[in-house]
Amino acid sequence: MSPIFVALDTQDVHRAAAIARDVSGVAAGVKVGLEFFCANGAEGVLRIAEHETPVFLDLKLHDIPNTVEKAVHALARLEPAILTVHAAGGRAMMRAAKAAAPARTKVVAVTVLTSLDRDDLAGIGVRSSPATQVDRLAGLAREAGLDGIVCSGAEVRQAHGKWPHGFFVVPGVRPRGAEVGDQKRVVTPSQAVADGASVLVIGRPITGASDPRRAIMDIAASLAQTPAQARTEK
Ligand code: C5P
């Protein structure tokens, strides 16, 4: 099984379910975000899960601890493989999310959105650089008992060094030669895994391929040559 979660950035439940069926057994699972969830709700997620494909719910929850706890309870019947919350919600909120999640769900923190730069952070009263803030929030997520964080390929090596048993979700991954699209800084799948990624989030290079299943198998083959150092079970 490859460590790839396929990003289904669509509102179309039929298309999402078709890709989930296609990649079942070769991908670690599929990722749906707020767009899909707002359009299709929990029932849409269940339609995808029918194909026995683990689901990564990228909902980036962020609210007071009690509300997040109740929201996670409400999502528990979907048994997500991975669920995201914002580390900026604080330690108590992250603890509440982890406590309410099913035992097998990895609860991971989003630190600083990659759409925010130093000026944006200053605008919301954060004086540190994005890198320092990512570091601080990753430490907080760890203290709160979360499983890991979402981070870019550029950050995963350092993050993994500081949190060797953390679970690191890395988007912005492109097989060699693939279209970069709107991603600015990309890493190859084997680089990300060698640097400590636990799972890779890859969307368009797979969903836009004429044969998504084949695309995953090709990426998995390129990973087979990756040094084992970072490929330990996390
Ligand atoms: O199609 P592509 O491989 O670029 O999709 C990447 C997925 O990862 C999308 O769902 C995108 O929202 C998500 N993501 C990202 N960069 C981040 C965080 C999440 O590309 N920093």
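Condition check for residue 112 on (1) touching a strand residue (DSSP E or B) at 6+ places or on another chain (Cβ under 9 Å); (2) at pLDDT below 95; (3) open to solvent by less than 30 Å² (accessible area, probe 1.4 Å): one failure, at (1). Taking the criterion of being modelled with pLDDT of 95 or more, assigned to a strand (DSSP E or B) and within 17 Å of the chain's Cα centre (by Cα), would at least one residue in the range 45-56 satisfy it? Yes; the residues of the range 45-56 include at least one that is modelled with pLDDT of 95 or more, assigned to a strand (DSSP E or B) and within 17 Å of the chain's Cα centre (by Cα). Scanning the range 2-27 for residues that are open to solvent by 20 Å² or more (accessible area, probe 1.4 Å) and either farther than 21 Å from residue 173 by Cα or under 17 Å from the mean Cα position of the chain (by Cα) (or both) yields a count of 10.
To keep it simple, each residue is scored yes or no on (1) within 16 Å of the ligand (Cβ to nearest atom); (2) open to solvent by less than 70 Å² (accessible area, probe 1.4 Å); (3) modelled with pLDDT under 95; (4) not in a helix (DSSP H, G or I).
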residue: 139; (1), (2), (3), (4): no, yes, no, no
residue: 145; (1), (2), (3), (4): no, yes, no, yes
residue: 169; (1), (2), (3), (4): yes, yes, no, yes
residue: 183; (1), (2), (3), (4): yes, yes, yes, yes
residue: 201; (1), (2), (3), (4): yes, yes, no, yes
residue: 225; (1), (2), (3), (4): no, no, yes, yes
residue: 234; (1), (2), (3), (4): no, yes, yes, yes
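Among residues of the range 166-189 that are closer than 15 Å to residue 5 by Cβ, those with a Cβ under 7 angstrom from a residue that is of a type in the set (Gly, Ala, Ser) and near the ligand (Cβ under 9 Å from one of its atoms), sequence gap 6+ or separate chain, pair up as 170/152; 172/152. Total residues in the range 150-167 satisfying the condition of being assigned to a strand (DSSP E or B) and either more than 10 Å from the ligand (Cβ to nearest atom) or of a type in the set (Gly, Ala, Ser) (or both): the figure is 1.
Picking from residues in the range 186-199 that are among the polar types (S, T, N, Q) and assigned to a loop (DSSP other than H, G, I, E, B), the one that is modelled with the highest pLDDT is 198.
Which one of these is under 17 Å from residue 198 (Cα atoms) and of a type in the set (S, T, N, Q): 67, 105, 114? Spell out how you get there, then give the answer.
Working: 67 fails: under 17 Å from residue 198 (Cα atoms); 114 fails: under 17 Å from residue 198 (Cα atoms).
Selected residue: 105, the only one of 67, 105, 114 that is under 17 Å from residue 198 (Cα atoms) and of a type in the set (S, T, N, Q).
Note on the range 27-58: residues that are in contact (Cβ under 8 Å) with a residue 60 or more places away in the chain and of a type in the set (Lys, Arg) total 1. Every condition in (1) open to solvent by 30 Å² or more (accessible area, probe 1.4 Å); (2) at pLDDT 95 or above; (3) in contact with a strand residue (DSSP E or B) (Cβ under 8 Å, 6 or more places away or on another chain) holds for residue 82 except the one numbered (1). Report yes if residue 62 is open to solvent by 30 Å² or more (accessible area, probe 1.4 Å) and closer than 20 Å to residue 149 by Cα, otherwise no. Judged against the criteria, residue 62 is a match.
Whenever a residue of the range 1-26 is without any contact (Cβ under 8 Å) to a residue 40 or more places away in the chain, its partners that are of a type in the set (Asp, Glu) and assigned to a loop (DSSP other than H, G, I, E, B), lying with C-beta atoms within less than 6 angstrom and at least six residues away or across chains, give the pairs 24/52.
The values are calculated or read from the model by the stated rules, or taken from the named source; none is laboratory data. Predicted model only: the values in this text are computed from it and were never measured. Note that we place each Cβ from the backbone using ideal geometry, even for glycine, and neighbour counts take in every protein chain shown. All accessible areas refer to the heavy atoms of the entire protein, side chains included, with ligands and DNA or RNA removed. Shrake-Rupley method; radii C 1.70, N 1.55, O 1.52, S 1.80 Å.
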